[in-house]
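Some notes on the structure that comes next.
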Amino acid sequence: MLQKLTRAPFGLTLPSFTLLLMVFGVPITSLLFMSLNAPDWSFVNYQRFLSQSANIYVLLQTIEISIGATAICLVIGYPTAYLIVTAPERQRTVFIVLVLIPWLTSGLVRTYAWTVILGDHGLINNVLVASGLASSPVPLIYNRFAVFVGMVHIMLPMMILPLLSVMYNIDKSLVAAARSMGARPFTAFWRVFLPLSLPGVRSGSLLVFVGCLGFYITPQALGGLRETMLSKLIVNQLLVSANLGATAATAFVLLAVTAVVLSIFGLDLSGSRERVRGAVGTKRRSWLSAQGAMGRWFNELGTSWRASRWQRQLYRAAAQVRWVEFAGAGFMTVVMVYLLVPGLIVIIMSFSAGDFIEFPPSAFSLRWYVAFFEDSTWTTSLSNSVEVAIDVALLATATGTLAAYGLGRMSPQSRSILTMMILMPITFPVVIVGVAAYYGLFHLHLIGTKTGLVLAHSIGANAYVVVIVAATLANFDRRLEQAAMSMRAGPLRTFWRVTLPLIRPGILGGAVFAFIASFDEAVVTSMISGYSIRTLPLRMLENVTQQIDPSIAAVGSLLTLLPVLWLFVLYVLYWRSRGKPQRAHAQAEA
Amino acid sequence: MNEHVKSAALAERKVSAKMSDCVEIEFRAVTKLYGALAAVKDLSLSVRRGEFLTILGPSGSGKTTALMLLAGFVAPTSGDIVISGRSVASVPSYRRDQGIVFQSYALFPHLSVRRNLEFPLEMRGVKAANRANQVGRMLDRVHLADYADRMPSQLSGGQQQRVALARALIADPPFLLLDEPLGALDRKLREQMQIEIKSMHREFGKTTICVTHDQEEALSLSDRIVVMRAGRIEQTDTPEALYDRPATRFVATFLGEANLFEHSEFELRTDLDQPPNTVAIIRPERVRIAAPTAPTCPDQHLRQAVSGTVEDMIYAGPLRRYQVRVGRSTVVVREHVASGQKIFYPGEAVRLDWLRSDLRIVAE
Ligand SMILES: Nc1ncnc2c1ncn2[C@@H]1O[C@H](COP(=O)(O)OP(=O)(O)OP(=O)(O)O)[C@@H](O)[C@H]1O
Ligand SMILES: [Mg+2]
């Protein structure tokens, strides 16, 4: 019996791992072999890749763009996070919601918004030409500038959220202590706050960097042909060429770049983190430390979720000089405008009554929404998306919850390794996940089927659910389970009657994120769907650059308003359920 | 008539004494290793039916582990645990019959007080109507009838404690396990709850094993106390015996205060011979303090007297605590405050004396 109980945690992760191995693990391993020309074993595919200067050019450009976008995100994100953390409580909550909304909005819609704003006949050029400031449209799009504008816009929340979570946990008394020892505000910041916030800088930068490496839709839509990313190359190869070995080699080059840059970057700043960990007393097995950098990379993802614990009171820098306040307010305004205005423009445009897209609209109507719902190609794709997303949410929530529950019952060593594996689909550049899933589903004859789409989306969604449910379980008091068992409730009844009701908010939150992840997915979908199943993002993708069909504005508006709905759902799930224990706490202390 | 009642009661008590001789719970050489660390080492212990036994020890001494072993949440590395004559080492906790009060109560936060109390009955398949009855009676018993529909978070600490106790008792388990039951309460409430627990123990007669590091709690609640140290049992005895005749220096100093005569400059005169590796101790309240010139008592030949200087005097309500320097060692004296008593101030010379029979020899 005891043996059964100790083996059970691994059993609970089985559904997750079956899914993961089938769609990701096995195919990526055989792709690796294939890229190495197994069973003959040679580096032919890699040599061929590296021998073409065009490939090297794209590779370097990918790294360049990713580093550039990460740096810009950091430069904008750090002060933003700092200002949010030092803002008064109520403003802070508002700011966080404002950062979350674009984070939850479809990246496709945001890219579309920028084509509308930056295009040759876009908003800015219209204003410039109409006002006579420019005689002909200024080239704002199809260049590196537009790529950065679009990518930073999408990645900025990913930088801000981990920074926020780390900054919130910096003990406010430390800064105060430095000040009391005579450090001036800036010195206190430089010597105390900044070093302590470095883990957040690391997490945010890694997340953004890896995210950028996997990008291809935004650079393609905003950068034109010259700004090709390696991921675009991979997708092209996959869909056009029959040589899977070559495609796999390209994918592994991208993965290698990811690993190399990350380990350099990871090692750089990890010193301070290790020291902090040492002080806390976390022991790390020596054989694990080789994979430490990797492991930390996999764990970064959790950081952005931990950001949601923002009830913490924080240190508000006292005695701020007036002009600093003004500068801060101005900066925040610019950042928030940058983050939110594109979405707003899409929403307003969608109510235009004109025959083509215009801003500001001369008259308002719902005609494009009507057009959307009357066009069966749009409604079919919408129902496809909803159907797939619901299936994904159901499947991933089931497998992810079981896995999170099992992981929580394991020894820390096995837990960290298994978690690492489960999170791969959301920590690897997305295009690599796509290639692997394509290959895996191809062998299962599931390309171009809804089942295939559901499976491909579920491996990532499963990871989100695991992260969220595990975070909820971490706050769950295991003694409640022991209490139930001491009252003769068996393991199943204990789970059903005690554990499940108490972690339900986390499970529902995980389901919501699984739904969003699937509903917005375009990269993997474009590779798996084989042109036969069109989801809403795919249908949008076809229209993003053309702007012929104004219904796309209506779609974009719907997709932008959805996150507000999701935020509301999450608010109801989390904040309300959290209110109760807090009150209990206050009473217990009183 | 009166005599008759008395003798009947006496007879009844004798019968129940016989009943209580049967062993309900037995630890047989139980060891629990965490890696190389023995959280509990070679623990052998018998608990009699109806007994209130307290496990007392400093932090990390293995008390919780011992309790968790008994509850079935932790499996012993070696040894066996026998409950009512049946080995339970391989029985999962949910197949055992026991009531547990957890340190932080572990009330289900999503269930009302009533539903919390119903839970153990439901798990045992009690019908809804009977459940309501039993819950009602139990709520009355713990004076919480008005709180039945509150959530645990809406109760005070003391009320939560009573709900936890009620929940552990309601399904009438043969024995009750309490893990630091009063640890989270303030002093006043703790005293109240001690009385409450004591009276419930008397009323329900449940075998109870309670873990605590609070010696006052242990002394006032228990029939017997087990003192643990580093995973081992140091001594098991009734509270009085434990305090009056500690077996080891650890027990003597952990339970109350003790003067140790280790390297005393004066020749200690005892009626007992002192084997090697032992030390003589005396409780501070057994030492008498007097002015050097005060007349001696008639029983002076049974006493030993030494002279010293008052170093410190603390007034603590009903007691006065002196610290007296005798040569190079310090002797603590505790004296009950009484009217007309002479008070000694730091620097004053005093004479201390004690009955030689009050000295105890304990192992190092
Ligand atoms: N799950 C565990 N893994 C490893 N070591 C443990 C574990 N549980 C307890 N220990 C160790 O076993 C020893 C005894 O622990 P236990 O919790 O039984 O002490 P305790 O007497 O209850 O202490 P306290 O009064 O602080 O609650 C301690 O040294 C503790 O560190
Ligand atoms: Mg304990």
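The values are calculated or read from the model by the stated rules, or taken from the named source; none is laboratory data. Keep in mind that this is a model prediction, so the values were computed, not measured. Reconstructed Cβ throughout: ideal geometry from the backbone, glycine too, with neighbour counts over all protein chains shown.
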Check your understanding: Would you pick out the residues in segment B:127-177 that are hydroxyl-bearing (Ser, Thr, Tyr) and within 11 Å of another protein chain (Cβ to nearest Cβ)?
Key -> B:SER153, B:SER156
**Study point:** Among (1) in contact (Cβ under 8 Å) with a residue 60 or more places away in the chain; (2) of a type in the set (Gly, Ala, Ser); (3) not in a helix (DSSP H, G or I) - the single one A:SER42 does not satisfy
**Key:** (1)
Check your understanding: Quick one: is B:GLY125 surrounded by fewer than 17 Cβ atoms within 10 Å (Cβ to Cβ), without any contact (Cβ under 8 Å) to a residue 60 or more places away in the chain and either on the phi > 0 side of the Ramachandran plot or not in a helix (DSSP H, G or I) (or both)?
Key -> yes
Check your understanding: From the residues in segment B:214-232 that are within 8 Å of the chain's Cα centre (by Cα) and of a type outside the set (A, V, I, L, M, F, W, C), which one is nearest to B:LEU176 (Cα to Cα)?
Key -> B:SER222
Review point. For segment B:227-237, does any single residue satisfy the condition of being more than 16 Å from ligand 1 (Cβ to nearest atom), assigned to a loop (DSSP other than H, G, I, E, B) and in the same structural domain as B:VAL30 (by TED's automatic domain parsing)?
Key: no
Review point. Do we find a residue being within 16 Å of ligand 2 (Cβ to nearest atom), under 24 Å from B:GLU26 (Cα atoms) and in contact with a helix residue (DSSP H, G or I) (Cβ under 7 Å, 6 or more places away or on another chain) anywhere in segment B:229-244?
Key: yes
Revision key, fill the gap. With criteria (1) among the small types (Gly, Ala, Ser); (2) away from chain B (no Cβ under 11 Å); (3) in a helix (DSSP H, G or I), A:ALA483 comes up short on (2)
Revision key, fill the gap. A:ARG202: passes all of (1) in contact with a Leu (Cβ under 6 Å, 6 or more places away or on another chain); (2) free of Cβ contacts under 8 Å to residues at least 24 places away in the same chain but (2)
Check your understanding: Would segment A:404-425 turn up any residue that is in a helix (DSSP H, G or I), surrounded by fewer than 17 Cβ atoms within 10 Å (Cβ to Cβ) and touching a Ser or Thr at 6+ places or on another chain (Cβ under 7 Å)?
Key -> no
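Yes/no per residue for (1) away from every other protein chain (no Cβ under 13 Å); (2) part of a loop (DSSP other than H, G, I, E, B); (3) within 16 Å of ligand 1 (Cβ to nearest atom):
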{"residue": "B:VAL47", "(1), (2), (3)": "yes, no, no"}
{"residue": "B:SER59", "(1), (2), (3)": "yes, yes, yes"}
{"residue": "B:LEU70", "(1), (2), (3)": "no, no, yes"}
{"residue": "B:VAL74", "(1), (2), (3)": "no, yes, yes"}
{"residue": "B:ILE81", "(1), (2), (3)": "yes, no, yes"}
{"residue": "B:ALA89", "(1), (2), (3)": "no, yes, no"}
{"residue": "B:PRO120", "(1), (2), (3)": "no, no, no"}
Practice item. Only one of these is within 16 Å of ligand 2 (Cβ to nearest atom) and farther than 20 Å from A:THR494 by Cα: B:SER78, B:SER61. Name it. Key: B:SER61
Practice item. Please find, within segment B:178-211, the residue that is farthest from the other protein chains (Cβ to nearest Cβ) out of those that are among the charged types (D, E, K, R) and within 13 Å of ligand 2 (Cβ to nearest atom). Key: B:GLU180
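What residue, among those in segment B:81-93 that are of a type in the set (Ser, Thr, Tyr) and under 16 Å from A:ARG488 (Cα atoms), is farthest from ligand 2 (Cβ to nearest atom)?
B:SER90
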Review point. What residue, among those in segment B:296-351 that are modelled with pLDDT of 90 or more and basic (Lys, Arg), is nearest to the chain's Cα centre (by Cα)?
Key: B:ARG334
Check your understanding: In segment A:402-432, what residues are closer than 17 Å to A:ALA471 by Cα, touching a residue at least 24 places away in the same chain (Cβ under 8 Å) and among the hydroxyl-bearing types (Ser, Thr, Tyr)?
Key -> A:TYR405, A:SER416, A:THR419
Practice item. Identify the single condition in (1) within 21 Å of the chain's Cα centre (by Cα); (2) farther than 30 Å from A:PRO195 by Cα; (3) exposed (fewer than 14 other Cβ atoms within 10 Å of the Cβ) that A:SER135 does not satisfy, given that it satisfies every other one. Key: (1)
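For residues in segment B:174-213 being part of a loop (DSSP other than H, G, I, E, B) and without any contact (Cβ under 8 Å) to a residue 40 or more places away in the chain, which is surrounded by the most Cβ atoms within 10 Å (Cβ to Cβ)?
This residue is B:LEU182.
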Practice item. Looking for whichever is buried (at least 22 other Cβ atoms within 10 Å of the Cβ), more than 9 Å from chain B (Cβ to nearest Cβ) and either of a type in the set (A, V, I, L, M) or more than 29 Å from the chain's Cα centre (by Cα) (or both) here; the options are A:LEU508, A:LEU444, A:LEU453, A:LEU492. Which one fits? Key: A:LEU453
Exercise for review: Go through (1) of a type outside the set (Ser, Thr, Tyr); (2) more than 14 Å from chain B (Cβ to nearest Cβ); (3) in a helix (DSSP H, G or I) and name the single condition A:LEU502 misses.
Suggested key: (2)
Study note, to complete from the structure: Being closer than 27 Å to A:ASN236 by Cβ, under 22 Å from the mean Cα position of the chain (by Cα) and away from chain B (no Cβ under 14 Å) narrows A:SER42, A:SER51, A:SER66 down to just A:SER66
Revision key, fill the gap. When restricted to B:ILE55, B:ILE100, the only residue part of a strand (DSSP E or B), facing another protein chain (nearest Cβ under 9 Å) and either over 20 Å from B:THR207 (Cβ atoms) or in contact with a strand residue (DSSP E or B) (Cβ under 6 Å, 6 or more places away or on another chain) (or both) is B:ILE100
Check your understanding: Before we move on, is B:ARG137 assigned to a helix (DSSP H, G or I), touching a helix residue (DSSP H, G or I) at 6+ places or on another chain (Cβ under 8 Å) and over 19 Å from B:GLU26 (Cβ atoms)?
Key -> no
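Being within 12 Å of ligand 2 (Cβ to nearest atom) and either of a type in the set (A, V, I, L, M, F, W, C) or surrounded by 20 or more Cβ atoms within 10 Å (Cβ to Cβ) (or both) is the filter here; which residues of segment B:41-58 pass it?
Within segment B:41-58, B:ILE55, B:LEU56, B:GLY57 qualify.
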Review point. Do we find that B:TYR94 is aromatic (Phe, Trp, Tyr) and at the interface with chain A (Cβ under 7 Å from one of its Cβ atoms) in this structure?
Key: yes
Check your understanding: In segment A:214-226, is there at least one residue being in contact with a helix residue (DSSP H, G or I) (Cβ under 8 Å, 6 or more places away or on another chain), within 30 Å of A:ASN45 (Cα to Cα), modelled with pLDDT of 85 or more and not in a helix (DSSP H, G or I)?
Key -> no
